[in-house]
1. Within the range 72-169, list the chymotrypsin sites (Phe, Trp or Tyr not before Pro) lying in a DSSP loop whose Cβ has at most 13 other Cβ atoms in a 10 Å radius.
2. Largest first, how would Ile83, Ile47 line up by accessible area (1.4 Å probe)?
3. Sort out for me the Cα centre separation of the range 127-178 from the range 22-59, rounded to whole Å.
4. If you project the alpha carbons of the chain onto their three principal axes, what span does each projection cover, largest first, in Å?
5. Just by accessible area at a 1.4 angstrom probe, what is the order of Glu147, Glu67 from largest to smallest?
6. Let me check something: with ligands and nucleic acids excluded, how do Arg51, Arg158, Arg93, Arg163 order by accessible area (1.4 Å probe), largest to smallest?
Amino acid sequence: DKTETIPPPIHTATLKIKKNDTMFTLLSSFDVSPYKINEVVSSSKGIYDLRTIKTDSDIKFFLDGNEFKGLKLPIDDLNYIIIEKKEDKFIARKEPIEYKTIFASAKGTIKNSLYEDAVSSGVEPDVIMNLSDIFAWEIDFTSEVKEGDTFKVLYEKRYIENRFVKNGRILAAQFENN
């Protein structure tokens, strides 16, 4: 009676890049040899310099059992670099990030300042700054905003794999200066 061993499926491990992490230290933690690490880094030339990985980015590693098979790393707001082992070498390609976008809205009445009151209405600081930029030609937010003024904003929130990543564009905005 011979039992057949089924190879384990490819699984993923996601790590958040910390200060002083390098591709060498990250891949070494998965027992990838220095020779293979050099192959991985070399495969990315022309797409992204893996020596400049960004702190706080999530890097996804693909493993087959204990064997490193590839990685996926956001390289800017629009693209990933994906490196996969094909036959005996690593091949890199750039792929667009697929965001799930939902619409969010907020409104409020000014009691103190646009910034303070928008934050207390649940609006993130980057959206508030973009909102003030939209109206910068019409309203001097340092001297013309008064208690009782109102604002409304409709904007995008972008998610990757059901995790909030960043805010997108402002789709509509209103500011009423009383």
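1. Loop-located and lightly packed - Trp137.
2. Greatest to least solvent exposure: Ile47, Ile83.
3. Measuring centre to centre over Cα atoms gives 39 Å.
4. Principal extents (Cα only, largest first): 82, 41, 24 Å.
5. Glu147, Glu67
6. Arg51, Arg163, Arg93, Arg158
The values are calculated or read from the model by the stated rules, or taken from the named source; none is laboratory data. Everything quoted here is computed from the prediction, not taken from an experiment. We place every Cβ from the backbone using ideal geometry, glycine too, and count neighbours over all the protein chains shown. Heavy atoms of the whole protein, side chains included, go into the accessibility calculation; ligands, DNA and RNA do not. Shrake-Rupley method; radii C 1.70, N 1.55, O 1.52, S 1.80 Å.
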